[in-house]
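What follows is a short report on a single structure.
The values are calculated or read from the model by the stated rules, or taken from the named source; none is laboratory data. What you see is a predicted model; the values in this text were computed from it and never measured. As a convention, Cβ positions derive from the backbone with ideal geometry for all residues, glycine included, and neighbour counts pool all protein chains shown. Keep in mind that these areas ignore ligands, DNA and RNA; they rest on the heavy atoms of the full protein, side chains included. Shrake-Rupley method; radii C 1.70, N 1.55, O 1.52, S 1.80 Å.
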Amino acid sequence: MARERERDNREERDSEFVDKLVHINRVAKVVKGGKRFGFAALVVVGDQKGRVGFGHGKAREVPEAIRKATEAAKRGLIRVPLREGRTLHHDVAGRHGSGKVHVRAAPPGTGIIAGGPMRAVFETVGIQDVVAKSLGSSNPYNMVRATFDALKHEDSPRSVAARRGIKVSTLQSRRKDVDPDAAAAEA
């Protein structure tokens, strides 16, 4: 009875996640009888409400590699604070190896303007409006890791206010007090 309930809970928890296959790599090992093929899969998993993770899996068959990658992605989920549930709070840059990404918040109706691996991450995390640029490496693994690096550095006004020991309203009012035209004239 307890096992059935546990299995139902696990299936319910798994059903809330959306997974996207980003990349499959086929490798061949030459042996006496010919070639042995192996597959590596890169998968991004998210709940479209701010939680996202990525995983890497290797196996002899594609479905098994994808399953392993999905399990690994669910083990390493991170939470990303979203503004109005659709975009980021501020612009941020991330890097991994020679892969660099710049991610910018965007106004409503912009959509996801990003390359393949980054697009998969943004769709699974639940971001609807974002502008992103990939610089350097176009390797999907490096791009996904660089995007995750950028998303880890994303802060919400609530967390910044808590860290500084001030109210969120004070922080928000400071931003509105700064007039962009006046700031440009001073510089």
Segment 82-163: mean projected area of Cα convex hull, nm²: 5.0
Whichever lysines have a C-alpha closer than 16 Å to that of K49, once near sequence neighbours (fewer than 8 apart) are set aside: K20, K74, K152
Segment E71-A161, extension gain: residue separation times 0.36 nm, minus the distance between their alpha carbons: 28.9 nm
Share of carbon and sulfur in the accessible heavy-atom surface of segment 62-117 [1.4 Å probe, %]: 56
Summed residue charge, Cβ within 9 Å of A146's Cβ, Lys/Arg positive, Asp/Glu negative: +2
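So how many Å³ per residue does the convex hull of the Cα atoms of segment 19-175 work out to?
Cα convex hull per residue, to the nearest whole number: 119 Å³.
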Average accessible area per residue (Å²) across segment 13-92 - probe 1.4 Å, nucleic acids and ligands excluded: 60
Anchor K133: lysines whose Cα lies under 16 Å away (excluding residues fewer than 8 positions away in-chain): K100
Local electrostatic count at R95 - Lys and Arg +1, Asp and Glu -1, tallied over other residues with Cβ under 12 Å: +2
Extension gain (nm, one decimal) between H153 and H102, 0.36 nm per residue minus Cα-Cα: 17.2 nm
Interchain or long-range residues, amide H under 5 Å from R51's placed H: V80
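Pulled fully out, how much extra length does the chain show between E61 and F37, if you take 0.36 nm times their separation in residues and subtract their Cα-Cα distance?
Gain in length upon complete extension: 7.8 nm.
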Set of lysines with alpha-carbon distance to K35 below 22 Å, sequence-local pairs under 8 removed: K58
Simple spin-label estimate for T170 and V27 in nanometres, 7 Å along Cα-Cβ: 5.4
